[in-house]
Every structure is written in structure tokens, then in C-alpha cells.
Amino acid sequence: MKFIFYVIGILTFTLGISFTIQSDLGTSPFDALLVGLSQTVGLTVGSWEILIAFMLIGCNSLLKRQKPEILGVLTALIVGIGIDMWLFLMHHFITPELWYSKSICFAIGLVVVAAGTAIYLHTNIAPIPVDRLTLIIQEITRTNLFFSRTLVYLVFLLMALLFNGPIGVGTVVTVCLGGLLLNFFMPITGKALDGILTDSRSRQNIDKKHSL
């Protein structure tokens with residue numbers, strides 16, 4: 001059951017990313033870097049997600065002074081495939097042209113990204129390397145997710161500028177609100193998932209007793 005929510009969270013998260021990219025108002029700094037690399041160097045956005053994930057896994061390993069988190073590769077693979085899949089589908093169905101439709105598209109994406117991230121992070125199976133970096137910085141600085149997320153965003157913002165990523169008003173909004181929204185959704189999704197997972201375990205125990 002936990003793995004199912006893990007996959008649902010990632011697919012929700014990547015759907016949100018695709019909405020922000022399609023809005024053409026600017027994406028999160030990390031996604032802007034991926035799009036910028038895709039446009040200037042080649043390969044798909046999802047492919048760059050996977051490649052950068054390998055680098056971040058090594059970086060996280062050094063910061064935590066422990067072995068690389070290999071499961072992070074699995075998450076990165078699912079995220080990369082998810083982004084490319086949603087972008088392929090949206091390219092044919094969602095192409096906002098007016099400013100208000102772009103704003104709605106971006107707003108949906110921003111909220112969906114935060115909700116999806118909170119869902120899959122709560123399963124504690126294997127965070128995306130960039131989210132693991134956020135959690136590591138939170139632990140090192142002894143602050144909250146808002147601060148650590150914003151700090152990570154600012155670093156990737158500078159990198160995205162170097163590769164001419166889609167930086168815009170949406171990027172500024174993401175930097176200001178991305179961490180705040182994640183901080184908002186974490187306790188909500190955590191409470192909901194804990195309740196569902198607890199009920200699931202209780203049913204499994206009841207079924208085992210009946211089978212005996």
C-alpha cells in the first residue's frame with residue numbers, strides 16, 4: 001500500500017511540473033535548469049532529470065557522510081519517465097495562450113507539485129535526490145522546509161540562468177511559495193496517509209486472524 005502511494009505521489013508531482021512548464025510563465029529553478037539543458041544541449045527534460053539525479057546522489061552522500069542512496073535512482077527514473085509522459089500528452093491537449101489561462105495552468109501546477117511531493121515524501125521510500133538535499137539542508141541548518149527549499153531553489157536558479165532556462169514570473173512565485181506550500185501540505189497528507197495505512201494494516205491483521 002505504501003508503494004502505491006509512493007508512485008501516486010510521484011505521478012502527481014510530475015503532472016504538476018508539466019503544468020508549470022506548459023504555462024510558459026516560468027518553472028521552478030530546478031525544472032528551468034532541466035528545460036534549459038534540454039533546449040541548449042539536447043535530450044529530453046526527463047533524461048536530464050535522471051542525469052542530474054546521479055550527481056545529486058553523490059553530493060547528498062558527501063553531505064551525510066554515508067553510502068549513496070541507490071533507491072534515489074529508482075525515484076529519479078520514475079520522475080524522468082513521468083515528466084516526459086505528461087509533457088507528451090499535454091503538448092496535444094493543454095497549450096494555454098492567453099495570460100489568464102497561463103496563470104491558471106501555472107497555479108494548478110504549483111499546488112499539484114507541492115501535494116505530490118508531500119505524498120511521496122511521507123511514504124519515506126526514496127525521495128528524489130533534490131528533495132533529499134532539501135531534507136539534508138533542513139537537518140543541517142535546523143530550520144524548516146520553507147527555508148531549506150528556498151535555499152535549494154536559489155542555487156538552481158543561478159544554474160538555470162546559465163543555460164537560458166524558462167525563467168519568468170512563475171519562477172519567482174515558485175521560489176517564494178514552493179517551500180511554503182510544501183510545508184503546508186506535509187502535515188495534511190501525513191495525517192491522511194497515516195489514517196489510510198493504519199486502516200489497511202488493521203484489515204490485514206483481521207484477515208490473518210480469520211484465515212487462522
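Projected onto their three principal axes, the Cα atoms of the stretch 98-149 cover extents of 43, 23, 15 Å, largest first. For the stretch 35-41, putting each phi into the Karplus relation 6.51 cos²θ - 1.76 cosθ + 1.60 with θ = phi - 60° gives couplings of 5, x, 5, 5, 7, 8, 9 Hz, in residue order, rounded to whole numbers and with x for Gly and Pro.
Using the Kirkwood radius built from alpha carbon pairs, what does the Stokes-Einstein equation give as D for the chain at 4 °C and 1.567 mPa s, in µm² per second?
Numbers: Rh = 17.7 Å.
Estimated diffusion coefficient is 73 µm²/s.
Quick one: compute the contact order of the chain, relative version, from alpha carbon pairs under 8 angstrom and 6+ residues apart, as a percent. If you can, show how the numbers build up before the last one.
On the way: 307 pairs, mean separation 76.2, N = 212.
Across the chain, relative contact order equals 36 percent.
Please give the length that would be gained between Thr95 and Cys176 if that part of the chain were fully extended, namely 0.36 nm times their separation in residues minus their C-alpha to C-alpha distance (nm, one decimal).
Numbers: separation 81, 0.36 × 81 = 29.16 nm, distance 2.53 nm.
Stretched out fully, the Thr95 to Cys176 stretch lengthens by 26.6 nm.
Under the simplified labelling scheme, the Lys64-Thr40 pair shows an inter-label distance of 3.0 nm, with each label point 7 Å from Cα along Cα→Cβ. Using the Cβ-Cβ distance between Phe88 and Asn124 with R0 = 35 Å, the FRET efficiency computed as 1/(1 + (r/R0)^6) comes to roughly 0.70. The three principal axes of the Cα atoms in the stretch 23-137 give end-to-end lengths of 49, 32, 21 Å, sorted in falling order.
Values quoted throughout were computed directly from the atomic coordinates according to the rules given, and no laboratory measurement underlies them. All values reported here derive from a predicted model rather than from experimental measurement. Cβ sites come from the backbone with ideal geometry, for glycine too, and all protein chains shown count toward neighbours.
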